[in-house]
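Read the structure below first, then the notes.
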Amino acid sequence: MTTTPKIVIHNDRTSAFAAMLSSAFTGADFCECNTYEDLPGLIESYRPEIVYTVRFSGTPGFPRAALFGPEGPRWIANGGAGTDHFGIWDKDRVTVTNAAGVAAEMMAEYVIGGFLHFTLDVPGLEADKGRKIWQTRQMQPLKGSTLLIVGLGHTGRALAARAKSFGMQVIGTRSTPRPMDDVDKIGSPDDLPGLLPLADFIAVCAPLTRQTRGLLGESEFTQVKPGVILADVSRGGVVDQQALLKAVESGHVKAAVLDVFETEPLPSDSFFWEQDNVLISPHCSSVFDGWEEASFDIFLANLNRWIVGEPLVNVVNPQRGY
């Protein structure tokens with residue numbers, strides 16, 4: 001293959017991607033863009049058919065209008081899984097794909113690690129170490145407990161497999177319920193109220209859409225089992241954070257593992273910072289050595305399909321958001 005369509009690689013670091021593209025497609029016609037501010041002008045002057053883009057500096061200021069405007073590309077390849085920063089688009093004018101699944105295993109490990117952080121009482125052990133106190137602490141096994149996975153996509157399924165290896169019972173929800181490996185009971189989002197009281201652990205893995213915004217709110221937190229531990233690796237907005245904070249402060253939710261927030265970075269005056277039973281990470285559960293290259297490999301495989309006229313994989317439905 002000696003020619004490719006015009007492509008823009010949009011990320012804060014593009015040199016590795018450029019090398020991968022040039023190696024895979026000799027003579028590739030592409031430009032690199034390392035800021036949000038420069039992308040609109042580049043699209044207008046270069047007129048790319050394809051843009052590979054990563055949300056590398058948050059959602060505010062992301063150049064959505066340029067990507068989906070009249071001079072925008074025919075195909076937008078999102079370097080991550082979530083596309084909520086794109087809003088709604090006309091799928092007849094532009095195709096959007098994502099890198100769903102590229103970080104599923106890492107995110108599943110993050111959730112399990114977050115659960116273990118509290119079930120093994122790591123905060124208590126660290127406090128004892130700091131005070132040089134030798135005292136026995138009670139461990140809580142995962143075996144025999146029930147995990148509710150809200151959103152059985154790539155990450156949810158990877159998590160289910162790991163939970164099973166710990167001897168957990170796994171229940172979950174997905175938009176179209178069907179039997180799945182490693183999941184004992186599956187319901188639709190409408191079944192969530194009946195599943196919440198069964199769970200000792202809850203993992204929120206659903207994408208942010210109009211249907212999932214505020215999916216877990218004040219009403220839902222009154223239905224959860226007292227002492228539940230929750231992990232959120234979805235998107236800020238799926239969980240109503242004020243309702244969660246109230247449940248955490250009251251002790252109804254024993255602990256929370258939070259990788260996503262409605263406002264990112266999390267403001268310094270957020271009450272979540274003050275909660276000893278909340279583990280906070282800066283939206284990095286999907287960040288691991290090599291994830292960007294793995295995402296770009298998905299793009300390169302799709303690019304070959306585009307060139308030879310085969311259907312693309314990981315095409316996102318704008319109404320569903322995945």
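The values are calculated or read from the model by the stated rules, or taken from the named source; none is laboratory data. Computed from a predicted model, the values in this text were never measured in an experiment. Please note: Cβ atoms are built from the backbone with ideal geometry, for glycine as well, and neighbour counts cover all protein chains shown. Each accessible area value is taken on the protein alone, full model and side chains, heavy atoms only, with ligands, DNA and RNA left out. Shrake-Rupley method; radii C 1.70, N 1.55, O 1.52, S 1.80 Å.
Coordinate range of the alpha-carbon atoms in the chain per principal axis, descending: 66, 46, 32 Å.
When the P(r) of the stretch 116-243 is calculated, the portion above 17 Å amounts to 59% of the C-alpha pairs. Take the Cα coordinates of the stretch 167-223, assign each an equal point scatterer, and use the Debye formula without solvent to give log10 I(q)/I(0) at q = 0.16 Å⁻¹. After summing over all Cα pairs, the log10 values are -0.50. Ranking Val313, Val111 by solvent-accessible area of protein heavy atoms (1.4 Å probe, all protein chains present), from largest to smallest, gives Val313, Val111. A cut-off of 5 Å between modelled amide H atoms, ignoring neighbours fewer than 5 places along the same chain, links Ser285 with no other residue. The portion of the accessible surface of the stretch 239-322 made up by carbon and sulfur, rounded to a whole percent, is 52 (1.4 Å probe; DNA, RNA and ligands excluded).
With Rh defined as the Kirkwood radius, the inverse of the mean 1/r over Cα pairs, the Rg/Rh of the stretch 253-322 is 1.18. Summing Lys and Arg as +1 and Asp and Glu as -1 over all other residues whose Cβ lies under 14 Å from the Cβ of Ser15 gives a net charge of -3. Over the residues of the chain, the helix contribution to mean residue ellipticity at 222 nm works out to -9000 deg cm²/dmol, using -39500 (n - 2.57) for each DSSP H run of at least 4.
The stretch 111-153 and the stretch 257-316 have Cα centres spaced 25 Å apart. Of the three principal axes defined by the Cα atoms of the stretch 1-139, the extents in descending order read 67, 34, 25 Å. Using C-alpha pairs below 8 Å separated by at least 6 residues, the relative contact order for the stretch 60-151 is 20 percent. When all protein chains stay in place and ligands, DNA and RNA are ignored, the 1.4 Å accessible-area order of Ile76, Ile298, largest first, is Ile298, Ile76. Annotation: amide H-H contacts under 5 Å for Val8 (H modelled 1.01 Å from N, sequence separation of 5 or more, or interchain): Cys31, Ile50, Val51, Tyr52. With θ taken as phi - 60° and the Karplus curve 6.51 cos²θ - 1.76 cosθ + 1.60 applied, the whole-hertz 3J(HN,Hα) list for the stretch 132-140 is 6, 10, 9, 8, 6, 10, 7, 8, 10 Hz, x standing for glycine and proline. Residues in the chain average 48 Å² of solvent-accessible surface per residue, probe 1.4 Å, ligands and nucleic acids excluded.
For the chain, complete DSSP H runs whose alpha carbons reach 20 Å or more along their own long axis and whose mean Kyte-Doolittle score is -1.0 or higher are 104-119, 291-308.
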